[in-house]
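Novice: Sharing a structure below in structure tokens format, with a few things to ask.
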Amino acid sequence: MSDPTLYDDDILLWSEQQAAAIRKLGKTGRDLPNELDVENVAEEIESVGRSELAAVESYLRLILLHLMKLAVEPGSQYAPHWRGEIVGFHANMMGRYAPSMRQRLELDRLWRSARQQLLLAYNGTQQSLLAELSEQCPFSLDDLIAEHVDVLALLKRLQ
């Protein structure tokens with residue numbers, strides 16, 4: 001019997017456990033209707049967890065991207081908007097984050113992706129400032145999944 005709270009606490013782990021259980025049941029073949037497509041049902045359940053992981057990655061990349069924008073253009077008229085966006089992205093990410101995602105989130109890859117996007121967007125106008133940004137993410141996952149995101153403290157670490 002599965003843990004009913006796991007679905008709410010860690011959708012990624014739940015989806016993987018449920019898919020494994022369905023596959024195991026499919027191998028036994030006991031009392032299963034012939035028309036039950038066990039493998040595709042298991043795959044669909046797993047995709048629920050993968051979708052949540054992808055959403056968390058997307059929000060993290062957006063947070064990193066906006067932090068870079070603030071570092072490169074601190075006096076921009078858009079800076080207050082970017083700070084607000086970071087807070088909103090963080091809230092959305094935290095609503096989807098699950099503990100089993102920790103070991104799967106590659107912050108350096110997300111950082112490089114956001115950095116590349118910004119390099120292309122600025123197309124020469126802020127290249128020298130962007131070139132100063134590290135190739136490695138300067139933040140730990142704990143910095144980014146804190147209960148409350150401290151935009152100014154994160155930004156200070158970039159400057």
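Novice: Any idea what angle helix 38-72 forms with the longest principal axis of the chain, computed on alpha-carbon atoms, 0 to 90 degrees, nearest 10?
Specialist: For helix 38-72, the angle is close to 10 degrees.
Novice: If you don't mind, there's one more thing I want to ask. Give the Kirkwood hydrodynamic radius (Å, one decimal) of segment 50-158, defined as one over the mean of 1/r across all pairs of different Cα atoms.
Specialist: Numbers: mean 1/r = 0.0710 Å⁻¹.
14.1 Å is the Kirkwood radius here.
Novice: Expressed in nm to one decimal, what extension gain is obtained for the pair E39 and S58 from 0.36 nm per residue of sequence separation less their Cα-Cα distance? Intermediate values should be presented prior to the final figure.
Specialist: Numbers: separation 19, 0.36 × 19 = 6.84 nm, distance 2.79 nm.
Difference between extended and current length: 4.1 nm.
Novice: Going by average Cβ density within 10 Å per residue, which order do the peptides 105-112, 65-72, 14-21 take, highest to lowest? Can you show the working numbers first?
Specialist: On the way: 105-112: 16.6, 65-72: 22.6, 14-21: 18.6.
Top to bottom by mean Cβ count within 10 Å: 65-72, 14-21, 105-112.
Novice: A follow-up question, please. Just to be sure I understand the model, the point goes 7 Å from the Cα along the line to the Cβ. What's the resulting K27 to K156 distance in nm?
Specialist: Spacing of the two 7 Å Cα→Cβ label points: 5.4 nm.
Novice: Further question: With everything on Cα atoms, drop me the angle between helix 11-28 and the longest principal axis of the chain, reported from 0 to 90° to the nearest 10.
Specialist: So the inclination is approximately 30 degrees.
Novice: Something else: Out of L141, S58, L130, whose Cα points farthest toward the positive end of the dipole of the chain (charges: +1 Lys, Arg; -1 Asp, Glu; placed on Cβ)?
Specialist: Positive-most Cα among the choices belongs to L130.
Novice: Given only helices, namely DSSP H runs of n ≥ 4 each adding -39500 (n - 2.57), what is the per-residue ellipticity at 222 nm of the chain, to the nearest 500 deg cm²/dmol?
Specialist: Working: 8 runs with 108 residues, N = 159.
Roughly -21500 deg cm²/dmol at 222 nm, from the helical runs in the chain.
Novice: Hey, another quick one. Please give the contour-minus-distance gain from Q117 to Q136: 0.36 nm per residue of separation, less the Cα-Cα distance, rounded to one decimal in nm.
Specialist: Working: separation 19, 0.36 × 19 = 6.84 nm, distance 1.51 nm.
Contour length minus Cα-Cα distance gives 5.3 nm.
Each reported figure results from applying straightforward, stated rules to the coordinates on display, with no laboratory input. Note that the coordinates shown come from a computational prediction; the quantities given were computed from them, not determined experimentally. Counting neighbours? That spans all protein chains shown, and the Cβs are built from the backbone with ideal geometry, glycine included.
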